[in-house]
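Report on one structure; see the data block that follows.
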Amino acid sequence: MSDEREKRRIRWKDERRRERTTTDAFFKRTLNHLHSSLPFCLTDPRFVESREAVAKYVSVPGVVELEAKDIILCSGCSCAIDLCITALCCPGQNILVPRPGFPLYKTLAEGLSIHTKYYDLLPERNWEVDLAMLEDQIDEQTAAIVVNNPSNPCGSVFGVEHLKKILEIAARNKVPVIADEIYDHFVFEGHEYQPMASLTQEVPVLSCGGLTKRYLIPGWRMGWIAIYDRGNILAREIRAGLQSLSQRIIGSNTLVQGALPAILASTPKSFFADTLTQIQANAKLCFSSISATPGLRPVMPQGAMYMMVGVDMARFPEFEDDLQFVEKMISEESVFCLPGKCFDFPNYVRIVLTVPKEQLQEACNRISSFCVRHYHAPSMAEAKVLAKATALETAAALVAEMETD
């Protein structure tokens, strides 16, 4: 590879590669626990104190308050989701998952002979759930609805009223919810995170969370399941099943379990604020740059670490799909985005917002150069048809919003 090519190379890094000085403090807390707890810390795989700390962290005072018995510690949030699907579903049943959505849901379910059925998220409504489609997908074999809020890959944050409508559907059809809330509180200024379980007295909610995203320490593999079940619907089989499944393997890191109370209680608020400020600034920068790029339609995120960008594939006729689009962009510009196919949502790409500002700006510039180079402008007749279609879509979205309000 030439020196010039090497200079042009950008490694589009995931959040797992980021450096944060606060991680040093997490290490110190873990080491302090190790020094004060040996030797018994290595023989007690599930600390009551750690589960109590998580229960306090996920409780909403005066609304829904959990105890240590309501918490299952897991080896990361992915393990938590795996245990929830395993406990709630039998082979041949199905779960409802969002589209676009995290592909792990389907992978885990299919490995257990559990089917996945999709409900769409609507980009024109900031990725809110298509509620009519959600309810239509429910049948007698539906064992759970998976709701990811804030969302990967969309970066959306559902409002209280929208969450209530989802819960109304779940209650009406007597289907429990698996809430993937790994991005809890990871929301931008002007938006608010609401734990789903705090909005229902009726629907059982298994909330999956962990340290990975908000605390920026994914490699530590510390996750949990919070069991919200005010009607005691899950009291016998599911609680016992989750407990048994969590003991099937060694489970979450024992040393991190011991440090968990200090991590949850003592991490300074400035750490979270600084992280969100940086990523929101990156989102604004990226949205502004991509909005001016022909053939691309970004959707401004409200939280999490990602932005979804629509690709008008009709304007890039030399590519068969978004995968070819991404592969060519890697080849020509050394910029990598995940194609929408990864999330069962073609003609989109996902951009990660956690890279340094200078690299993100350079990447956006290269994406723009790539699109300008390959873009085919519509003819006059096509432009008129597109303008009319856009006007109709806008009007339809306004009508739908008025009906919802």
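Some notes on this structure:
- Filter pass, Ala171 being closer than 23 Å to Gly62 by Cβ, among the small types (Gly, Ala, Ser) and in a strand (DSSP E or B): no
- Every condition in (1) buried (at least 21 other Cβ atoms within 10 Å of the Cβ); (2) of a type in the set (Phe, Trp, Tyr); (3) farther than 27 Å from Ile182 by Cα is met by Phe319 except one, and the failing one is (1).
- In the condition set (1) more than 24 Å from Ser78 (Cα to Cα); (2) touching a residue at least 40 places away in the same chain (Cβ under 8 Å), Ser156 is compliant with all but (1).
- Residue match in the stretch 134-149 (condition: of a type outside the set (Lys, Arg), part of a helix (DSSP H, G or I) and within 17 Å of the chain's Cα centre (by Cα)): no
- When the stretch 323-332 is filtered for residues that are over 22 Å from the mean Cα position of the chain (by Cα) and surrounded by 20 or more Cβ atoms within 10 Å (Cβ to Cβ), the ones remaining, listed by number, are Phe325, Met329.
- Residues within the stretch 279-296 that are free of Cβ contacts under 8 Å to residues at least 24 places away in the same chain and either outside any helix (DSSP H, G or I) or under 21 Å from Arg214 (Cβ atoms) (or both), tallied: 1
- Condition check for Arg230: outside any helix (DSSP H, G or I), of a type outside the set (A, V, I, L, M, F, W, C), touching a Ser or Thr at 6+ places or on another chain (Cβ under 9 Å) and closer than 26 Å to Tyr348 by Cβ: no
- Residue match in the stretch 249-272 (condition: among the polar types (S, T, N, Q), over 30 Å from Arg221 (Cβ atoms) and in a loop (DSSP other than H, G, I, E, B)): no
- Criterion (within 25 Å of Ala197 (Cα to Cα), in a strand (DSSP E or B) and at pLDDT 90 or above) met by exactly one of Thr116, Thr86: Thr116
- The set of residues in the stretch 119-133 being in contact with a helix residue (DSSP H, G or I) (Cβ under 6 Å, 6 or more places away or on another chain) and assigned to a helix (DSSP H, G or I) consists of Glu124, Leu131.
The values are calculated or read from the model by the stated rules, or taken from the named source; none is laboratory data. What you see is a predicted model; the values in this text were computed from it and never measured. Methodologically, a virtual Cβ is constructed for each residue, glycine included, from the backbone with ideal geometry; neighbour enumeration extends over all protein chains shown.
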